[in-house]
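The values are calculated or read from the model by the stated rules, or taken from the named source; none is laboratory data. All values derive from a computational prediction rather than experimental measurement. Note that each Cβ is placed from the backbone with ideal geometry, even for glycine, and that neighbours are counted across all protein chains shown. Please note that ligands, DNA and RNA were not included when accessible areas were found on the heavy atoms of the full protein model with its side chains. Shrake-Rupley method; radii C 1.70, N 1.55, O 1.52, S 1.80 Å.
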Amino acid sequence: MNRERFIRDRRADWGRFEQLLGTMQHLPERQWQAVQVAELARLYRSVCYDLSLVQSREWGNRLEEYLNDLVAGGHNCLYRTPPTSLASILEFIALGFPR
């Protein structure tokens, strides 16, 4: 497989991943739908593989940076820490800090 064919074949998935990532990054986790999470996770694994392939074949810095940015965004979305609730802050102030 050459670089141009690889990009042509994979471009649609990268675009879908970007679109889905943009949607989910701006939604609270409670509003995520299971179908979206499953698709994002599937595409995330696929983009990670694509990045490793591009790195191993040295197909260019711009493509590598683009895929790396997608992987980083997907990682931050899927593995972000849950937001801190007011209750947990108050619990820390009342119980955790005095300890």
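Below is a table of values for the structure above.
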{"quantity": "Column: log10 I(q)/I(0), Debye, Cα scatterers of the stretch 3-94, q = 0.13, 0.14, 0.21, 0.23 Å⁻¹", "calculated": "-0.51, -0.57, -0.99, -1.12"}
{"quantity": "Accessible carbon and sulfur surface of the chain relative to its total accessible area, %, 1.4 Å", "calculated": "53"}
{"quantity": "Average accessible surface area per residue within the stretch 3-94, 1.4 Å rolling probe, Å²", "calculated": "69"}
{"quantity": "Estimated distance in nm for a label pair at Leu78 and Asp13, the labels positioned 7 Å out from Cα along Cα-to-Cβ", "calculated": "1.2"}
{"quantity": "Cleavage-rule hits (GluC sites (Glu not before Pro)) in the stretch 13-88: DSSP loop, at most 14 neighbouring Cβ within 10 angstrom", "calculated": "Glu58"}
{"quantity": "Label-point separation in nm, Val35 to Met1, each point 7 Å along Cα→Cβ", "calculated": "2.7"}
{"quantity": "The chain: relative contact order in percent, alpha carbon pairs under 8 Å with at least 6 residues between", "calculated": "29"}
{"quantity": "For the chain, size of Cβ-based charge dipole, Lys and Arg +1, Asp and Glu -1, in debye", "calculated": "140"}
